[in-house]
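Everything on this sheet refers to the single structure shown next.
The values are calculated or read from the model by the stated rules, or taken from the named source; none is laboratory data. Because the structure is a prediction, the values reported are computed rather than measured. Cβ placement follows ideal geometry from the backbone for every residue including glycine, while neighbour counts extend to all protein chains displayed.
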Amino acid sequence: MASLAPSLHQMLRPRFALSLTSPSSSFSLLGSRHRLVLHHLFASSSQTSASLSSTSTTRDAEEEKQGLEVIDVNPPRGTRDFPPEEMRLRNWLFQNFREVSGVLAFEEVDFPVLESESLFIRKAGEEITQQLYNFEDKGGRRVVLRPEITPSLARLVIKQGKSVSLPLKWFTIGQCWRYERMTRGRRREHYQWNMDIFGVSKVRAEAELIHAIVLLFERLGITSLDVGIRVSSRKVLQSVLEMHNIPEHLFTQVCVVVDKLGKITREEIEKELISVGVSSEAINGIIEVLSIKSLSKLEEVLGSEREAVADLKKLFSLAEHYGYSQWISFDASVVRGLAYYTGIVFEAFDREGKLRAICGGGRYDRLLSTFGSDDISACGFGFGDAVIIELLKEKGLLPDLVRQVDDIVFPLDSELEGPASMVVSSLRKKGRSVDLIEDKRLKWVFKHVERINAERLILVGNSEWQRGMVRVKILSTREEYDVSVDELV
């Protein structure tokens with residue numbers, strides 16, 4: 001068998017010069033077994049295209065004849081598959097989420113995707129209650145695929161109780177589900193990066209969270225010319241409602257409606273506010289204040305003694321010290337649609353206005369009491385994966401993420417399967433990423449190694465193995481040499 005295999009020195013160099021379009025000129029460079037394989041592959045290639053179509057038609061007809069239903073290979077509407085190239089992108093983004101969280105000294109936590117429905121059924125009027133994937137499980141319990149993460153976080157904080165010391169700085173990256181109308185960057189399932197702080201009542205907490213968002217953007221190559229962060233406070237709207245004697249119990253419903261400013265027409269906003277019991281005079285006052293884009297103008301209208309004004313002035317002062325003041329702007333129309341927000345709220349947006357909000361969050365000091373626990377000062381944000389990927393595509397900032405493998409091992413003869421396996425095992429024990437390729441042409445192997453950007457190609461041949469050696473080719477330099485297995489790493 002050894003006589004049938006040419007030496008690695010004879011085989012290796014000519015193979016890199018083989019022509020993909022001229023197989024016949026390369027046959028003389030190959031051993032007899034390789035010539036037969038190549039001849040068969042090139043002879044059959046002209047029949048492949050026609051036979052594929054014929055085979056597919058025959059298979060479909062056969063399944064139909066047998067009464068078998070052909071399965072829809074698409075994922076459910078609004079959801080995604082993650083083939084390797086998409087998974088590499090997702091992992092890259094998640095790694096950036098984790099690294100930013102780490103530099104701000106946050107710890108990672110996680111929760112089940114399936115939660116109790118009661119955790120998410122809150123005040124009437126919230127859009128989210130109409131978007132739940134909810135059902136009864138086999139035990140008769142009402143459950144839901146979580147539409148957001150903050151209530152799960154609150155549940156865990158309550159469960160941990162006094163066993164943890166404040167402040168808590170936690171983050172998570174979790175899958176969320178909402179049955180909603182899909183647009184660009186909006187899916188029915190998405191992954192969301194959440195950062196939350198419990199036990200800090202000062203505006204410093206919001207300043208830290210916005211700093212995290214800015215750091216993430218900067219890591220991804222996004223600038224303040226591409227993205228801005230609008231900031232306001234729910235206390236602004238509270239002040240306006242007090243000025244117009246609107247009952248406190250209408251606050252949540254008003255928030256849900258005015259959160260649609262800029263998304264639907266003013267006439268539609270007015271109609272919805274009237275339907276929840278707000279007078280026409282009050283509507284004009286609300287819309288007038290929520291159209292303010294200047295913090296100094298807000299101070300003129302509400303007065304400097306208002307808590308909302310003091311909080312916002314403090315946040316903008318901290319932004320100067322953090323060095324991200326060019327990223328943020330005041331916009332009174334930002335109220336966020338979820339009922340639990342109580343103070344400063346913020347959301348990031350692309351300045352060209354092509355996409356929906358990139359992320360959003362704020363303070364929610366009274367969330368825990370809605371679950372029967374004592375309240376703790378808290379704030380946080382949610383940052384979805386779908387919109388940021390769309391923005392990176394728009395800006396040409398998606399990374400070129402190729403598959404990374406350290407070594408490819410290829411036995412030049414079938415009887416060398418055992419020795420090749422020994423080489424692979426030795427390298428993997430040293431922590432190398434190694435793939436073993438068999439039953440392929442050398443030309444295919446060389447192309448594959450370059451395609452996946454492997455560091456080395458290791459060829460196991462008879463003559464070299466008999467001397468306790470293998471042949472190594474370094475792809476970056478084209479350097480070639482024989483080396484013992486012990487010296488591979």
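Taking the criterion of being outside any helix (DSSP H, G or I), hydrophobic (A, V, I, L, M, F, W, C), in the same structural domain as G380 (by TED's automatic domain parsing) and over 29 Å from K260 (Cβ atoms), would at least one residue in the stretch 138-148 satisfy it? Yes, some residue in the stretch 138-148 is outside any helix (DSSP H, G or I), hydrophobic (A, V, I, L, M, F, W, C), in the same structural domain as G380 (by TED's automatic domain parsing) and over 29 Å from K260 (Cβ atoms).
Checked against the criteria, G262 counts as surrounded by fewer than 19 Cβ atoms within 10 Å (Cβ to Cβ) and either touching a residue at least 60 places away in the same chain (Cβ under 8 Å) or under 30 Å from E208 (Cβ atoms) (or both). Taking each residue of the stretch 467-486 that is basic (K, R) and looking for partners that are assigned to a strand (DSSP E or B) with beta-carbon atoms closer than 6 Å, six or more apart or interchain, yields R471/L459; R471/D482; K473/L457; K473/E480.
To keep it simple, each residue is scored yes or no on (1) in contact with a Gly (Cβ under 9 Å, 6 or more places away or on another chain); (2) of a type in the set (V, I, T); (3) over 22 Å from E86 (Cβ atoms).
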| residue | (1), (2), (3) |
| --- | --- |
| V157 | no, yes, yes |
| S163 | no, no, yes |
| R186 | yes, no, no |
| Q192 | yes, no, no |
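Checking the structure you have, find out if any residue of the stretch 374-384 is within 18 Å of V214 (Cα to Cα) and in contact with a His (Cβ under 6 Å, 6 or more places away or on another chain). Among the residues of the stretch 374-384, at least one is within 18 Å of V214 (Cα to Cα) and in contact with a His (Cβ under 6 Å, 6 or more places away or on another chain), which makes the answer yes. Please state which one of G337, G361, G372, G382 is farther than 18 Å from K314 by Cβ, modelled with pLDDT of 95 or more and in contact with a helix residue (DSSP H, G or I) (Cβ under 9 Å, 6 or more places away or on another chain). That would be G382, the only listed residue that is farther than 18 Å from K314 by Cβ, modelled with pLDDT of 95 or more and in contact with a helix residue (DSSP H, G or I) (Cβ under 9 Å, 6 or more places away or on another chain). On the given criteria, is K314 touching a residue at least 12 places away in the same chain (Cβ under 8 Å), surrounded by fewer than 17 Cβ atoms within 10 Å (Cβ to Cβ) and not acidic (D, E)? Taking the combined requirement at face value, the residue satisfies it. S232 passes every criterion in (1) at pLDDT below 85; (2) under 32 Å from the mean Cα position of the chain (by Cα) apart from (1). Across the stretch 201-208, a minimum of one residue is classified as polar (S, T, N, Q) and under 30 Å from S296 (Cβ atoms). The residue that is nearest to the chain's Cα centre (by Cα), counting only those in the stretch 265-290 that are of a type outside the set (A, V, I, L, M) and surrounded by 13 or more Cβ atoms within 10 Å (Cβ to Cβ), is E272. Please tell me if L391 is modelled with pLDDT of 95 or more and over 30 Å from L355 (Cα atoms). No: the conditions fail for L391.
Would you check if L475 is at pLDDT 95 or above and not hydroxyl-bearing (S, T, Y)? Judged against the criteria, L475 is not a match.
Conditions (1) within 26 Å of the chain's Cα centre (by Cα); (2) more than 24 Å from H249 (Cβ to Cβ), marked per residue:
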residue	(1), (2)
S304	no, yes
A319	no, yes
Y324	yes, yes
F330	no, yes
G343	no, no
E347	yes, yes
E352	yes, yes
G360	yes, yes
F371	no, no
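Taking the stretch 307-350 only, how many residues are assigned to a loop (DSSP other than H, G, I, E, B) and touching a Gly at 6+ places or on another chain (Cβ under 7 Å)? Number of matching residues: 4. When F111, F171, F97, F135 are checked against the criterion of being part of a helix (DSSP H, G or I), of a type in the set (F, W, Y) and touching a strand residue (DSSP E or B) at 6+ places or on another chain (Cβ under 9 Å), a single residue qualifies: F97.
Consider the stretch 218-232 and keep the residues that are touching a residue at least 40 places away in the same chain (Cβ under 8 Å) and in contact with a Phe, Trp or Tyr (Cβ under 9 Å, 6 or more places away or on another chain). The one that is farthest from I358 (Cα to Cα) is S232. State whether one or more residues within the stretch 208-226 are touching a strand residue (DSSP E or B) at 6+ places or on another chain (Cβ under 8 Å) and surrounded by fewer than 19 Cβ atoms within 10 Å (Cβ to Cβ). Yes, the stretch 208-226 contains a residue that is touching a strand residue (DSSP E or B) at 6+ places or on another chain (Cβ under 8 Å) and surrounded by fewer than 19 Cβ atoms within 10 Å (Cβ to Cβ). The residue that is farthest from A339 (Cα to Cα), counting only those in the stretch 248-297 that are hydroxyl-bearing (S, T, Y) and at pLDDT 80 or above, is S296.
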